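Novice: First, the structure itself, so that you have it in front of you.
The values are calculated or read from the model by the stated rules, or taken from the named source; none is laboratory data. Everything numeric in this text was worked out from a predicted model, so none of it was measured. Glycine gets a Cβ as well: all are built from the backbone with ideal geometry, and neighbour counts include every protein chain shown. Areas reflect the complete protein model, heavy atoms only, side chains present, ligands, DNA and RNA absent. Shrake-Rupley method; radii C 1.70, N 1.55, O 1.52, S 1.80 Å.
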Amino acid sequence: MKNILLSITILAIISGVKAQDETVNGNLKVTGNIQVTAPGGSWITGKTGTGGIISNTQLTSNAYHPLVRQKTASGHFINLGGLGDYFGFFGYDKDRTVNGYDHSMIMNLNTGNIGIGKNPNAKLDVNGNIHVTTPGSSWITGKTGTGGITSSTQLTSNAYHSLIRQKTASGHFINIGGLDDYFGFFGYDKDRTSNGFDHSMVMDLNSGNVGIGTHNPKTNLEIYEYDGTSQLRVHTNQHAGVAKLEIAGGSALKDTNPDNYSGWSIYHSYINTNKDLYFRHGESGNPNVVFADNGNVAIYGKLESKEIKVSLTPTADFVFEDNYSLPTLEFIENYIKKKKHLPEIASAKEMEKNGVNIGDFQIQLLQKIEELTLYTIAQEKKIKEIESFNKKLLELQSRLEKLESEK
């Protein structure tokens, strides 16, 4: 009776006759394809825990219930079925010798999360890289005006077209997409109540200009002034105790022709205690300019400026105080004969050896000018006294000559 029923069932499948509520006990071998139309339009029904089409699949655990099993040309196996509350594809390497599986693409039937290579903790959870190949070898294509991966993003204008949107842990949003002819990152504050964006890092697709904090950059790199303060921070790699920023210039590059390298280096040592900042032209050698952490600046070369302002106190006005002891010209004369320079002024040898503090030197020169002024005033008084005395002598001479003529 069983053989007759099996023959009838096989004949019904081959001839396309529908069999209703038929049960087959034993194996069913069919040469060719099987097409099953099930109630509700489903393919092959089965409940995880009881199985759909069950078979003795390779190295399964008690919790695994296969629906379909396929052996590849290389001898590997791929099973479609359930494992606990997960359902999907489980791949078994042909050389596997213990229970388990090697690859998977599954859905968590409790949460709806989908995992590739792992049990999913998000709507799509992938263990490994994602490589998308699209026409033109682009990653994810989208034209500003039509969108790439489109979604209803937060508070967008008609000109904004989102490609990817990310919500942060604090509830803010960052969108990658296009705004007219600008493309980049647009940040939206979680408390925004009107159209627009709060932060941006974009490129003008017409000019190639990059803007940070502005969506309309006018120069190659423009950082928008925020809260009245414009800032640019460059974080460089640190090598051998030195943090360095290089600005290449000219046609000679360091890597191809280091002897003719015409760039500038801005660097400082983060392991030394002084934390000085150095500016150097060329690949190596001594710095051209040094900004010390105490505020001092050293320039190894000429300094040209239209105006220099030196603020230093006190000045030399103490020379005009009543209690100032003005050196006599005789003292100064003797000092010059002996020292070959003015009192309180460094000698030429000292200046050559130690340099000159411009601020102090200016005050010293002012002191000497003020002393010269006092000498000049004193001499002017003596000259007037002499002129008055000479005038009186001339009057006396005139009177004497008159008396002599009257004799």
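Novice: Between Gln362 and Ile345, what length in nm is gained on full extension when 0.36 nm per residue of separation is reduced by their alpha carbon distance?
Specialist: Using 0.36 nm per residue and subtracting the Cα-Cα distance, I get 5.1 nm.
Novice: Can you give the accessible area of Asp93, probe radius 1.4 Å, in Å² rounded to 10?
Specialist: Accessible area of Asp93: about 50 Å².
Novice: State whether segment 290-407 is rounded, prolate or oblate according to the following rule on the C-alpha gyration tensor (a ≥ b ≥ c being the square roots of its eigenvalues): a/c under 1.5 gives rounded; otherwise a/b larger than b/c gives prolate, and the remaining case gives oblate.
Specialist: It comes out prolate by the Cα gyration axes.
Novice: Where does each of 366-376, 207-217, 335-345 land if you order them by average Cβ count within 10 Å, highest first?
Specialist: With the highest mean Cβ count within 10 Å placed first, the list reads 207-217, 366-376, 335-345.
Novice: Evaluate the distance, in nm, between pseudo-label points positioned 7 Å from the Cα of Leu109 and of Leu393 along their respective Cα→Cβ axes.
Specialist: 13.5
Novice: Please enumerate, by chain and number, the aspartates and glutamates with C-alpha under 18 Å from the C-alpha of Lys391, excluding those fewer than 8 residues away in the same chain.
Specialist: The reachable aspartates and glutamates, counting only those whose Cα sits under 18 Å from Lys391, are Glu380, Glu401.
Novice: If you don't mind, there's one more thing I want to ask. Using a Förster distance of 35 angstrom, determine the FRET efficiency expected from the C-beta separation of Thr72 and Asp181, and round it to 0.05.
Specialist: So, using R0 = 35 Å, E works out to roughly 0.10.
Novice: How much of Asp85 can a 1.4 Å solvent probe reach, expressed as accessible area in Å² and rounded to 10?
Specialist: About 80 Å², ignoring ligands and nucleic acids.
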